[in-house]
1. Report, by residue number, each residue of region A:38-57 that is out of contact with any Gly (no Cβ under 7 Å at 6 or more places or on another chain) and buried (at least 18 other Cβ atoms within 10 Å of the Cβ).
2. So which of B:Gly57, B:Gly9, B:Gly104, B:Gly41 ends up being modelled with pLDDT under 90 and surrounded by 13 or more Cβ atoms within 10 Å (Cβ to Cβ)?
3. Can you tell me which of (1) open to solvent by 50 Å² or more (accessible area, probe 1.4 Å); (2) under 25 Å from B:Pro40 (Cβ atoms) is the one A:Tyr35 doesn't meet?
4. So how many residues does region A:1-27 have that are under 14 Å from A:Gln85 (Cα atoms), outside any loop (DSSP other than H, G, I, E, B) and away from chain B (no Cβ under 13 Å)?
5. Output the residue which, of all residues in region B:12-38 that are over 10 Å from the mean Cα position of the chain (by Cα), open to solvent by 20 Å² or more (accessible area, probe 1.4 Å) and within 11 Å of B:Leu107 (Cα to Cα), is modelled with the lowest pLDDT.
6. So B:Leu92 passes all but one of these: (1) among the hydrophobic types (A, V, I, L, M, F, W, C); (2) modelled with pLDDT of 95 or more; (3) buried (at least 17 other Cβ atoms within 10 Å of the Cβ). Which condition number does it fail?
7. Would it be correct to say that B:Val80 is part of a loop (DSSP other than H, G, I, E, B), crowded, with 18+ Cβ neighbours inside 10 Å, more than 11 Å from chain A (Cβ to nearest Cβ) and modelled with pLDDT of 95 or more?
Amino acid sequence: NAGVTQTPKFRILKIGQSMTLQCTQDMNHNYMYWYRQDPGMGLKLIYYSVGAGITDKGEVPNGYNVSRSTTEDFPLRLELAAPSQTSVYFCASSYSPSGGASDTQYFGPGTRLTVL
Amino acid sequence: GDSVTQMEGPVTLSEEAFLTINCTYTATGYPSLFWYVQYPGEGLQLLLKATKADDKGSNKGFEATYRKETTSFHLEKGSVQVSDSAVYFCALAGYTGKLIFGQGTTLQVKP
């Protein structure tokens, strides 16, 4: 049981490049989330998903896209990288049988992205 | 909207000292409250949580009590260890169900 895994761990992009951050969970959780963490700040929600085929915007969705074709995977796509997207990105998942998202979230180890 | 405010860090303590990290919140209704911990180079992990007023969450010697009258959820530990050095995040899940995080408080414990 690996929990939540993320790849890559580190990445440097040039302005305008694209990339996909991968996230996989093996706990059969219905909810999945993407956050970004900027230095000295808390986590900000980018996108989330309540189940396969369903995604919704969080607090800071601009410049990102997501998809959820399976329960396990929730990739985050950056289409045109900008320096403002330099951050640490965390994926998380939770099991919320009643439909709320107040249950414990389990986090991956993060991806440190630098855009130059 | 909902928000969480934590005391500014870093907090530097000697081993076996008493720890308090303050957390206050603003929310509509009756949120669930959480403390998450982030050890160096790792993702966040749940430390403790409380889902209703007057509940006390506890884990690994840490405690926090959900105080609705003061809208607070302060984290305490009676005797910290070097291994407690980490960043601590207070968070709430309100009526939207999404987690709202405070900015985090860095704790450094010196031997």
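1. Once the filter is applied, which keeps residues that are out of contact with any Gly (no Cβ under 7 Å at 6 or more places or on another chain) and buried (at least 18 other Cβ atoms within 10 Å of the Cβ), region A:38-57 yields A:Leu43, A:Ser49, A:Thr55.
2. That would be B:Gly9, the only listed residue that is modelled with pLDDT under 90 and surrounded by 13 or more Cβ atoms within 10 Å (Cβ to Cβ).
3. With respect to (1) open to solvent by 50 Å² or more (accessible area, probe 1.4 Å); (2) under 25 Å from B:Pro40 (Cβ atoms), A:Tyr35 is out only on (1).
4. The qualifying residues number 6.
5. B:Gln38
6. (2)
7. yes
The values are calculated or read from the model by the stated rules, or taken from the named source; none is laboratory data. Keep in mind that this is a model prediction, so the values were computed, not measured. Quick reminder, even Gly has a Cβ in these numbers, built from the backbone with ideal geometry, and neighbours come from all protein chains shown. Only protein heavy atoms, including side chains, enter the accessible area calculation; ligands, DNA and RNA are left aside. Shrake-Rupley method; radii C 1.70, N 1.55, O 1.52, S 1.80 Å.
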